[in-house]
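As structure tokens, the structure follows; a few thoughts come after it.
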Amino acid sequence: MIRSVLSKLRQSRLFHDSFWAVLGNGVGNFLMLISGILIAKYLGKDAYGEYGMVKSTMYYIALFSTLSLGTTSTKFVAEYIQKNKDEVPSIVASTMMITFVFSLVLSFLLFLFSSSLSSFINAPQLCKPFRFLGIIIFFRALGTVCSGILGGYKDFRGVGINSIVSGVIMVTLCIPMTIHFGTAGALVTLLLSQVFLGISNLMRVRSITDRIETKGNISYIKRLINFSYPFAIAELVYSFSALGVNLLITKYASVGELGLFTACTQWNSIILFMPGLLSNVILSHLSSTYVNNELAHKSILRKMLLVNFSCTIIPFLAVYLLSPWISKYYGPSFAGMKSVLVIITLSTLFICLARVFQSELTSVGKKWTLMIIRCSYNILILIVSYVVLVKTNGENAAINMAYISVSINALSLALYSGEFHFRHKHENQDWLSKYTQESGQQ
């Protein structure tokens with residue numbers, strides 16, 4: 001019985017892709033997260049707050065600078081490999097052109113307004129680090145989009161290997177660089193890891209594409225932007241909201257409270273790293289099956305809901321049980337971390353399931369529905385955070401943000417689940433009505 005199950009799993013393409021996504025990207029991202037924990041220990045709460053502010057700014061701007069083409073390229077490449085393989089190189093070239101131009105523009109704007117941004121949050125010492133961010137943003141965006149393209153090709157093994165090496169660079173250099181150069185050393189280490197990941201993913205794309213286009217196809221540039229801009233709007237709102245929450249904590253509380261909050265949310269990333277790594281696998285397979293097999297599409301959705309929850313509940317319980325020891329490891333400057341950590345990690349149970357519904361909406365082309373739900377969620381969390389921080393004068397900011405995160409993530413999952421069941425209920429009713437009419441005519 002066990003041998004039969006293992007044999008079927010080895011023959012399953014979904015299992016093979018999931019295995020490499022979890023093993024390769026899992027190890028790489030886990031090493032990146034471990035490096036963040038080590039950096040927090042050696043910097044202390046206040047300095048880590050500054051590092052966290054710069055790092056999170058980079059991630060949010062880089063996320064928007066891709067115009068959501070990481071996800072879009074996975075869908076288009078996976079679909080066109082099935083429909084018209086000759087067009088895939090044009091899609092790849094068009095995706096790369098858009099990413100290059102837009103990420104460079106945003107990097108320049110950040111460099112230009114770094115002084116104004118640091119003054120607004122009452123942290124002028126962050127002016128130079130913000131200027132340094134432009135380089136990291138470009139390579140982060142490049143790595144993200146190339147990873148999306150490789151996901152469409154189902155080359156999860158190549159992405160995984162590159163991610164592992166990037167993580168090894170980060171975890172190997174972070175301690176000596178942070179000890180000797182402080183926050184600047186930690187940021188240089190982050191830059192080196194992102195430069196490697198961006199270049200290695202780009203080289204992998206060039207090696208796996210059947211032929212290399214020297215320039216993007218205008219028609220595909222328009223189609224990619226037309227498909228992705230609702231997702232890009234959602235990414236913009238998400239980036240604005242997440243960055244806005246960090247800026248509000250810094251402005252109305254302190255960089256120390258931001259450091260505490262950032263350290264705890266980092267454990268959310270550890271708990272969710274497996275579901276996160278599976279997101280491209282889910283989207284790629286849902287997109288492929290949606291074209292030809294609706295039953296297989298729904299079956300994969302149900303399986304991935306179960307897989308994502310299973311991959312989340314085990315590390316969640318481990319972090320919950322080990323929270324007293326985790327908080328002690330960070331040192332006395334992170335006083336009160338245990339309570340914040342226990343509360344904020346609850347949100348992972350809602351996030352892991354919501355991500356599957358997001359992939360399903362993307363695969364069936366419900367881009368506006370996804371945009372509306374995501375934007376509503378992120379705008380709400382920003383508004384609630386502002387009201388709470390102002391009303392409390394920034395006191396206990398980290399734990400208050402944790403409560404807000406759990407509540408609104410639960411609401412987000414309810415919206416995704418409700419939309420899915422409402423949509424499929426009406427689709428089934430439409431099918432039954434059509435079948436009844438056809439039977440009556442016969």
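The values are calculated or read from the model by the stated rules, or taken from the named source; none is laboratory data. Every value quoted in this text rests on a predicted model; they were computed, and no experiment measured them. Cβ sites come from the backbone with ideal geometry, for glycine too, and all protein chains shown count toward neighbours. Just the protein is used for accessible areas: all its heavy atoms, side chains included, with ligands, DNA and RNA removed. Shrake-Rupley method; radii C 1.70, N 1.55, O 1.52, S 1.80 Å.
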Condition first: surrounded by fewer than 22 Cβ atoms within 10 Å (Cβ to Cβ) and assigned to a helix (DSSP H, G or I). Can you find one or more residues in segment 64-78 that meet it? no
For segment 252-265, give me each residue that is at pLDDT 85 or above and in a helix (DSSP H, G or I). TYR252, GLY256, GLU257, LEU258, GLY259, LEU260, PHE261, THR262, ALA263, CYS264, THR265
Please find, within segment 22-31, the residue that is modelled with the highest pLDDT out of those that are surrounded by fewer than 24 Cβ atoms within 10 Å (Cβ to Cβ) and touching a Ser or Thr at 6+ places or on another chain (Cβ under 9 Å). LEU31
Taking the residues in segment 114-144 that are open to solvent by 40 Å² or more (accessible area, probe 1.4 Å) and among the polar types (S, T, N, Q) as candidates, determine which candidate is nearest to THR95 (Cα to Cα). THR144
Suppose the filter is free of Cβ contacts under 8 Å to residues at least 24 places away in the same chain, in a helix (DSSP H, G or I) and of a type in the set (Phe, Trp, Tyr); does PHE102 pass it? no
Residues of segment 160-185 classified as crowded, with 22+ Cβ neighbours inside 10 Å and either over 17 Å from PHE30 (Cα atoms) or among the polar types (S, T, N, Q) (or both), total: 4
Among the candidates VAL168, VAL159, which residue alone is modelled with pLDDT of 85 or more, within 22 Å of the chain's Cα centre (by Cα) and part of a helix (DSSP H, G or I)? VAL168
Under the condition of being closer than 18 Å to LEU236 by Cβ and β-branched (Val, Ile, Thr), which residue from segment 41-63 is most open to solvent (accessible area, probe 1.4 Å)? ILE61
Expected output for segment 401-418 (first residue closer than 11 Å to ILE373 by Cα, partner open to solvent by less than 60 Å² (accessible area, probe 1.4 Å), Cβ below 6 Å, 6+ apart or cross-chain) is SER412/ALA354; SER412/TYR377; LEU413/LEU353; LEU413/ALA354; LEU415/ILE373; TYR416/ALA354; TYR416/PHE357
When PHE227 is run through (1) of a type outside the set (D, E, K, R); (2) open to solvent by 20 Å² or more (accessible area, probe 1.4 Å); (3) under 23 Å from PHE111 (Cα atoms), the failure sits at (3)
ILE314: under 19 Å from the mean Cα position of the chain (by Cα), open to solvent by 30 Å² or more (accessible area, probe 1.4 Å) and free of Cβ contacts under 8 Å to residues at least 40 places away in the same chain, yes or no? no
Here the residues within segment 79-113 that are open to solvent by 40 Å² or more (accessible area, probe 1.4 Å) and among the β-branched types (Val, Ile, Thr) are ILE81, VAL101, VAL105
Taking segment 384-404 on its own, how many of its residues are under 22 Å from the mean Cα position of the chain (by Cα) and open to solvent by 20 Å² or more (accessible area, probe 1.4 Å)? 1
Could you pull out the residue among ALA78, ALA40, ALA93 that is closer than 25 Å to PRO124 by Cβ and touching a helix residue (DSSP H, G or I) at 6+ places or on another chain (Cβ under 9 Å)? ALA40
Can you name the helices (runs of 4 or more DSSP H) wholly within segment 315-415 that have at least 1 residues being at pLDDT below 90, within 26 Å of PRO230 (Cα to Cα) and not charged (D, E, K, R)? 348-363, 367-391
Which members of segment 317-332 meet the condition of being of a type in the set (Ser, Thr, Tyr) and either in contact with an Asp or Glu (Cβ under 9 Å, 6 or more places away or on another chain) or crowded, with 16+ Cβ neighbours inside 10 Å (or both)? SER323, SER327, TYR330
